[in-house]
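Accompanying notes for the structure given below.
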Amino acid sequence: MRVKPLSLAAGLLISGLVLMGALLIVGDVSLSGADYIEAIVHPQSLNGEIVWGIRLPRNLCAWGVGAMLGIAGAVMQGLLRNPLAEPGILGVSSGAGLGASVAIVLGVGLVPFAVEASALLVSLMMSAVLMAFVARFPDRQALILLGVGISSLCGALMALVFNLSPSPVTTTEILGWLMGSVENRSWQDAALCVAGLAVAVGLVPRLRAGLRLLTLGEETAQSMGVNIRHVTLIGVITASVLAGLSVAVAGIIGFVGLAAPHFVRALGLRDPYGVIWPSGLAGGVMVLMADGLIRVMPASGDIRLGVLTSLIGAPLFALIAYKSAKSWA
């Protein structure tokens with residue numbers, strides 16, 4: 001099945017908007033039509049706070065986190081020419097998780113925005129290491145190895161944080177945060193999503209020629225004027241910023257960055273640059289759907305968003321891989 005890129009992007013955008021609107025009526029408190037009118041007319045009322053202060057920021061964060069992961073995944077897969085690449089391969093996500101874990105175990109979890117700030121700070125440190133490495137060694141295979149090393153180191157340090165956790169309550173809090181959620185997110189968290197997407201809008205167009213010519217091979221791309229070091233650096237900055245901000249906002253949300261580009265390619269898009277924006281829109285829809293399921297499922301209080309996206313994404317990804325393998329045979 002082949003879908004025109006603009007039609008696909010429009011369909012995904014409309015789906016995301018419809019889902020965000022529909023999820024405004026889903027929550028622990030049932031609101032009537034009159035309640036929604038009151039929320040619109042009097043935003044400072046209790047009903048207004050439920051709609052504008054709780055549900056809308058949550059929906060925006062779910063869409064924004066999914067969009068950032070989808071874009072980051074498509075950039076990494078195009079840059080590394082590896083269909084298994086995803087934002088976590090750089091180790092930035094693990095670094096952000098480490099930053100959040102340290103903040104929680106130090107007892108600053110109740111300070112507004114402290115956990116997010118700590119996650120963002122460590123992710124930026126990991127990004128700086130990656131950028132310094134790429135500036136000297138632009139080889140993309142070496143970049144993967146460095147990312148695996150950073151991810152392993154951060155994983156080990158997180159295990160150490162668990163060991164040193166002062167109480168089971170703190171350990172549970174860290175685990176809950178790492179498994180991902182957009183519950184109780186604020187407009188400040190939504191602003192982080194906007195900042196990440198603004199970075200993507202500024203940097204992704206600069207990858208247009210590089211990603212397309214890299215499909216012809218690195219040597220051919222270089223002979224046609226592509227600066228591999230520059231393209232790799234821009235790609236790493238883009239994916240690092242988006243992955244770090246997504247973890248800072250919602251914890252670790254698995255599979256979206258990997259599955260969203262494959263979902264778009266399954267609909268007929270093959271251009272490594274052309275899949276980036278539709279992948280972002282698809283990622284937004286995926287996370288919104290997963291968060292919506294958590295809200296409507298009975299007794300779903302213990303199910304975390306990152307767990308559900310993996311439970312849904314893994315079988316879907318296997319189905320896409322099966323259909324792709326059949327088309328290649």
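The values are calculated or read from the model by the stated rules, or taken from the named source; none is laboratory data. Nothing here was measured: the structure is a model prediction, and the numbers come from that model. We place every Cβ from the backbone using ideal geometry, glycine too, and count neighbours over all the protein chains shown. Just so you know, the surface numbers come from the protein's heavy atoms only, side chains and all, with ligands and any DNA or RNA stripped out. Shrake-Rupley method; radii C 1.70, N 1.55, O 1.52, S 1.80 Å.
Give me the percent relative contact order of the range 38-127, please, defined on Cα pairs under 8 angstrom at least 6 residues apart.
18 percent
Taking only Cα atoms, what is the 0 to 90° angle, nearest 10, from helix 276-296's long axis to the longest principal axis of the chain?
Around 30 degrees separate the two axes.
If you place +1 on the Cβ of every Lys and Arg and -1 on the Cβ of every Asp and Glu, how big does the dipole about the Cα centre of the range 115-198 come out, in debye to the nearest 20?
Computed charge dipole of the range 115-198: roughly 280 debye.
Give, rounded to the nearest 20 debye, the magnitude of the charge dipole that the range 8-133 has about its Cα centre when Lys and Arg contribute +1 at Cβ and Asp and Glu contribute -1 at Cβ.
380 debye
Give the share of C-alpha pairs in each 20 angstrom bin for the chain, from 0 to the last occupied bin, in whole percents, shortest bins first.
Bin by bin from 0 Å, the calculated values are 32, 56, 12, 0.
To the nearest 20 Debye, how big is the dipole of the chain about its Cα centre, given +1 on the beta carbon of each Lys and Arg and -1 on that of each Asp and Glu?
So the magnitude is around 1180 debye.
Applying the Karplus parametrisation 6.51 cos²θ - 1.76 cosθ + 1.60 with θ = phi - 60° to the phi angles of the range 138-148, what ³J(HN,Hα) value in whole Hz is obtained for each residue in order, glycine and proline being reported as x?
3J(HN,Hα) across the range 138-148, in whole Hz: x, 4, 6, 5, 5, 4, 4, 4, 4, x, 5.
As I understand it, the dipole of the chain uses +1 on the Cβ of Lys and Arg and -1 on the Cβ of Asp and Glu, about the Cα centre. Which of Met68, Val275, Trp52 lies farthest toward its positive end?
Looking along the dipole axis, the top candidate is Val275.
Can you sort His42, His262, His230 by solvent-accessible area, 1.4 Å probe, largest first?
Sorted by accessible area, descending: His42, His230, His262.
Tell me, what ³J(HN,Hα) does each residue in the range 201-217 have, in order and in whole Hz, if you take phi through Karplus 6.51 cos²θ - 1.76 cosθ + 1.60 with θ = phi - 60° and put x for Gly and Pro?
These are the phi-based 3J(HN,Hα) values: 4, x, 9, 4, x, 6, 9, 3, 5, x, 5, 5, 6, 5, 5, 8, x Hz.
Dividing the alpha-carbon radius of gyration of the range 247-298 by 2.2 N^0.38 Å (N being the number of residues), what value is obtained?
Against the empirical 2.2 N^0.38 Å value, I get 1.27 for the range 247-298.
Residues with beta-carbon under 13 Å from that of Leu233, excluding Leu233: net charge, scoring Lys, Arg +1 and Asp, Glu -1?
+3
In whole Å, largest first, what are the principal axis extents of the Cα atoms in the range 164-262?
58, 29, 26
Solvent-accessible area of Ile237, probe 1.4 Å, all protein chains present, reported in Å² to the nearest ten, please.
Counting only protein heavy atoms, Ile237 exposes about 40 Å² to solvent.
How many times 2.2 N^0.38 Å is the alpha carbon radius of gyration of the range 107-180?
Its radius of gyration relative to the 2.2 N^0.38 Å reference: 1.34.
For every other residue with a beta carbon closer than 15 angstrom to the beta carbon of Ala248, add +1 if it is Lys or Arg and -1 if Asp or Glu, then tell me the sum.
Here the charged neighbours net out to -1.
What is the angle, in °, between the Cα long axis of helix 256-266 and the longest principal axis of the Cα atoms in the chain? Nearest 10 is fine, range 0 to 90.
Once rounded, the angle reads 60 degrees.
Relative to the longest principal axis of the C-alpha atoms of the chain, give the angle of the C-alpha long axis of helix 92-105, reported between 0 and 90° and rounded to the nearest 10°.
Around 30 degrees separate the two axes.
Put +1 on the Cβ of each Lys and Arg and -1 on the Cβ of each Asp and Glu in the range 150-231; which of Leu207, Ser186, Gly196 then has its Cα farthest toward the positive end of the dipole?
Leu207
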